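Okay, structure first, notes after.
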Amino acid sequence: MSEAVTQTLNIIKSNKLIAKYDKDARDIFGFWVYLMTDCVLFASLFAVFAVLRHNTYGGPGASLLFSMPYALVETIILLTSSFTCGLAVLSAQLKHNKRVLFWFIVTFALGASFLGLELNEFHNFIAMGDSWRRSGFLSSYFVLVATHGLHITLGLLWIAVMSVFVLKRGISDLVMKRIRMLSMFWHFLDVVWIFIFTIVYLFGAIRV
Amino acid sequence: MSQINHQPVDILVSTHQPEQVTLRGYVIGFGGSIVMTITAYLFARYGMLNKPVMVALLAFLALAQFTLQLVYFLHLGREFSPRLKLLVTVFMMIIVFILVGGSIWIMNNLDGRMMGTKVMIKYMNSQDGL
């Protein structure tokens, strides 16, 4: 009799475990769906940029305005931060709290410097009189790149919050799930940046 | 009592266990992305190719890097049987293709039908300034 009870308890336990894993997987899948809809948002901004890229209204065009080495540095910094975010997930998987914190701090620092470079670029353009009001091309450029920058800002906030979570609570299953989602978000932003780098900066430089 | 079969119910996304990530995957993704980014940069900066070839090359490098990061950073294609993540991703790509391709197509077409600025000014002058 007692064996049967133990067996039943074990089954209930494993059932709960599987239900929990499935719930986590469902949540992560839901987040993935959100990211894909975010892709559609960026796609519409890319479409606007593609249509308006030559409408400079007498203002500077892409090849005149953008500095390629500057864009390359931004790209490398963001790519490295994507990598260090992956290392944070890896450490979280091994439950190394201190290493997770370390990689989060590195990711945050790289992300913040990327954002700083982007804002500095915006500042320089606006100071030269080439703000979003200058031409259709500049409007679409500012909206596209600033939307990405806004996502980066939210991502930085999220990294800060998760660091506090890891510090205060350690890596529980809930925290682990959120770290996975955060890393998906951060990698996704790097994926979007590939296309900004190619379409806005590189195509701009070769005057497509 | 002994014949209780454990049956997991309501499995929309079945993973059995959370996906494990590896250092190797991240290193491959990072190294490959760096190489492709710098190759694209060097070609755009110093490459002496004609424009269509250059556009095709840069687009190819971007798409290759996109795929690399989807696989090694976002772990696409490592899920179990109902591959919903992949399904949603392919659907997203179709939408993006229609959205971007369609916008460029339609707007180019409209642009081709519009009067040029100079023709417009001439026309307006002929119409007494309108």
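A few points about this structure:
- Mean residue ellipticity (222 nm) of chain A, computed from DSSP H runs ≥ 4 via -39,500 (n - 2.57), nearest 500: -29000 deg cm²/dmol
- Taking 0.36 nm per residue of sequence separation and removing the Cα-Cα distance, the B:VAL27/B:LEU76 pair yields an extension gain of 16.0 nm.
- Looking at the stretch B:53-121, the chymotrypsin sites (Phe, Trp or Tyr not before Pro) that sit in a DSSP loop and have at most 14 other Cβ atoms within 10 Å of their own Cβ are B:PHE80.
- Residue-by-residue Karplus 3J(HN,Hα) for the stretch A:32-44, coefficients 6.51, -1.76, 1.60, Hz, glycine and proline x: 4, 4, 4, 4, 5, 6, 5, 4, 5, 4, 5, 4, 5
- In this simple spin-label model, placing a label point 7 Å from the Cα along the Cα-to-Cβ direction at both A:LEU167 and A:LEU41 gives a separation of 2.8 nm.
- Area buried, chain A against chain B - accessible surface, total, 1.4 angstrom probe, square angstrom: 4800 Å²
- Hypothetical label at B:TRP105: residues of the stretch A:21-59 whose amide nitrogen lies under 20 Å (7 Å Cα-Cβ projection): A:40-41, A:43-53
- Our coupling estimate for the stretch A:200-205, obtained by passing each phi through the Karplus curve with A = 6.51, B = -1.76, C = 1.60 and θ = phi - 60°, is 7, 8, 6, 5, x, 5 Hz, Gly and Pro reported as x.
- Remark: mean inter-chain Cβ contacts per residue of B:63-74 equal 4, using a 10 Å Cβ-Cβ cutoff to other protein chain atoms.
- Dipole magnitude of the protein assembly as shown, debye to nearest 20 (Cβ charges: Lys/Arg +1, Asp/Glu -1, about Cα centre): 260 debye
- Cα→Cβ-extended label distance, 7 Å offset, between B:MET124 and A:THR147, nm: 3.1 nm
- Sequence-ordered 3J(HN,Hα) estimates for the stretch A:154-167 from the Karplus curve with 6.51, -1.76 and 1.60 and θ = phi - 60° stand at 5, x, 4, 4, 5, 4, 4, 4, 5, 4, 5, 4, 5, 5 Hz, glycine and proline given as x.
The values are calculated or read from the model by the stated rules, or taken from the named source; none is laboratory data. In this text the structure is predicted, and so the values were computed from the model without any measurement. Here Cβ is always computed from backbone atoms with ideal geometry, including for glycine, and neighbour counts include all displayed protein chains. Calculation scope for accessible area: heavy atoms of the full protein, side chains included, ligands and nucleic acids excluded. Shrake-Rupley method; radii C 1.70, N 1.55, O 1.52, S 1.80 Å.
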